[in-house]
Amino acid sequence: MKLILLGPPGAGKGTQAEFLSERFGIPAISTGAIIRDVIASGSDEGKAIKERIDSGNLLSDETVVEMVKNRLTKEDCKNGFMLDGFPRTINQAKALDDMEIVIDKVLSIELSDEEIIKRLSGRRECKNCRASYHVEDNPPKKPGVCDRCGGELIIRADDNPETIKNRLSVYYESTEPLKSYYEKKGLLVTARGQKALPDTKREVLKALGEI
Ligand SMILES: [Zn+2]
């Protein structure tokens, strides 16, 4: 199974990626993780990338595509893989096509803006141990206090309502066109995010034709 996972921030993409990775025995590959690995390797490439990121620059499509390409040649990808966070642009999608990698399905997890804002703005993170909570879905025993270490719970900078709106518009601008791109190729399937996790998992399996 060769899958691409799409979905706005807050749609629970990471959780579904973990679930599908286990279910199909394929690695969930995110560009974020690839970049961290390349940097941690301490190679010349890693040093160059770290410098670029530290100076606040975005990585070029070319660089990202090259890193993904290398990652997909590894042993654990021989039965398939799931790409999470790549491609992010039409250019990257075309580059993936050029690699002659046949994708089986592109799964888009959908959630209304209202639901996304509610989910993200309710998230809290421990200042100390970074444990995560949600004021409604996963509240700490004592409001504002971490169950694990007693640390103070804070709202992450990128979960502020204004920032969330920004992240969503960036998503719609750059990633939504990917949906049409893959729809034309007949690869797009969609699943609606549900309130309860087991329900979302079922929607996802249904979309993939597994149930
Ligand atoms: Zn804590």
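The values are calculated or read from the model by the stated rules, or taken from the named source; none is laboratory data. What you see is a predicted model; the values in this text were computed from it and never measured. Cβ coordinates were reconstructed from backbone atoms using ideal geometry, including for glycine residues, and neighbour counts include every protein chain displayed.
Looking at the stretch 136-150 only, could you name the residues that are touching a residue at least 12 places away in the same chain (Cβ under 8 Å) and more than 12 Å from the ligand (Cβ to nearest atom)? If the condition is that a residue be touching a residue at least 12 places away in the same chain (Cβ under 8 Å) and more than 12 Å from the ligand (Cβ to nearest atom), then Glu136, Asp137 are the ones that fit.
Applying the selection to the stretch 114-135, what residues are part of a loop (DSSP other than H, G, I, E, B) and within 9 Å of the ligand (Cβ to nearest atom)?
First, pick out the residues of the stretch 114-135 that are part of a loop (DSSP other than H, G, I, E, B): 122, 127-131, 135.
Residues satisfying the conditions are Lys127, Asn128, Cys129, Arg130, Ala131.
Filtered by the rule that a residue be under 17 Å from Gly25 (Cα atoms) and either of a type in the set (Val, Ile, Thr) or in a helix (DSSP H, G or I) (or both), the stretch 41-90 gives Arg71, Leu72, Thr73, Glu75, Asp76, Cys77.
Just one of the listed residues (Ile103, Ile109) is modelled with pLDDT of 90 or more, under 19 Å from Leu197 (Cα atoms), more than 16 Å from the ligand (Cβ to nearest atom) and surrounded by 13 or more Cβ atoms within 10 Å (Cβ to Cβ), namely Ile109. For the stretch 187-204, the count of residues that are in contact with an Asp or Glu (Cβ under 7 Å, 6 or more places away or on another chain), over 25 Å from Asn91 (Cβ atoms) and among the basic types (Lys, Arg) is at least one. Ala196 passes every criterion in (1) among the small types (Gly, Ala, Ser); (2) farther than 15 Å from Lys13 by Cα; (3) loosely packed, with under 15 Cβ neighbours inside 10 Å apart from (2).
Yes or no, residue by residue, for (1) within 16 Å of the ligand (Cβ to nearest atom); (2) touching a Leu at 6+ places or on another chain (Cβ under 8 Å); (3) within 26 Å of Phe19 (Cβ to Cβ); (4) assigned to a loop (DSSP other than H, G, I, E, B):
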site	(1), (2), (3), (4)
Asp158	no, no, yes, no
Asn166	no, no, no, no
Lys179	no, yes, yes, no
Thr190	no, yes, yes, no
Thr200	no, no, yes, no
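Touching a residue at least 24 places away in the same chain (Cβ under 8 Å), more than 19 Å from the chain's Cα centre (by Cα) and under 24 Å from Gln16 (Cβ atoms): is that true of Ile116 in this structure?
Working: touching a residue at least 24 places away in the same chain (Cβ under 8 Å): yes; more than 19 Å from the chain's Cα centre (by Cα): no; under 24 Å from Gln16 (Cβ atoms): yes.
Criteria not met by Ile116.
In the stretch 23-32, is there at least one residue being at pLDDT 90 or above, part of a helix (DSSP H, G or I) and under 27 Å from Glu183 (Cα atoms)? Within the stretch 23-32 (the criterion being at pLDDT 90 or above, part of a helix (DSSP H, G or I) and under 27 Å from Glu183 (Cα atoms)), the answer is yes, since at least one residue qualifies.
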